[in-house]
Amino acid sequence: MNRPPEIPDITVEESEWGVLLTSRFPSGRLYITQHGLPNILCFRERDRDHLAWRVPVDDDNHASFQLDVTHILGRRRRRSLQEPPQSEDRQTRPLAD
């Protein structure tokens, strides 16, 4: 799309487990980001929820983890519930030796 960017009105407040950042756009869109202290990020996109965090491994390294939950609605949802799940072949590696 070739439209001018919207400039949101942003508010930040402390929450029970970190910082809550709220962006309100002129179009009415609301974008909420939660930062869990010291190392968690949580936000919602149109079709998914996103959670990411980091865990220290040692003084110089950390492991990153991310969880995305995709919301499938309507015909796509009905179709996906009828199809058998497909496995994914992913290579994993240990955090430390």
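If you take the residues in the stretch 77-91 that are exposed (fewer than 10 other Cβ atoms within 10 Å of the Cβ) and not in a loop (DSSP other than H, G, I, E, B), which one is modelled with the lowest pLDDT?
L81
Restricting to the stretch 57-76, give me the number of residues that are surrounded by 10 or more Cβ atoms within 10 Å (Cβ to Cβ) and among the acidic types (D, E).
Final tally of qualifying residues: 1.
Do you know which of the residues in the stretch 15-60 that are free of Cβ contacts under 8 Å to residues at least 12 places away in the same chain and in contact with a strand residue (DSSP E or B) (Cβ under 8 Å, 6 or more places away or on another chain) is farthest from I72 (Cα to Cα)?
Restricting to residues being free of Cβ contacts under 8 Å to residues at least 12 places away in the same chain and in contact with a strand residue (DSSP E or B) (Cβ under 8 Å, 6 or more places away or on another chain), the top hit is P56.
The values are calculated or read from the model by the stated rules, or taken from the named source; none is laboratory data. These figures come from a predicted structure and were not determined experimentally. Positions of Cβ are backbone-derived with ideal geometry, glycine not excepted, and every protein chain shown enters the neighbour counts.
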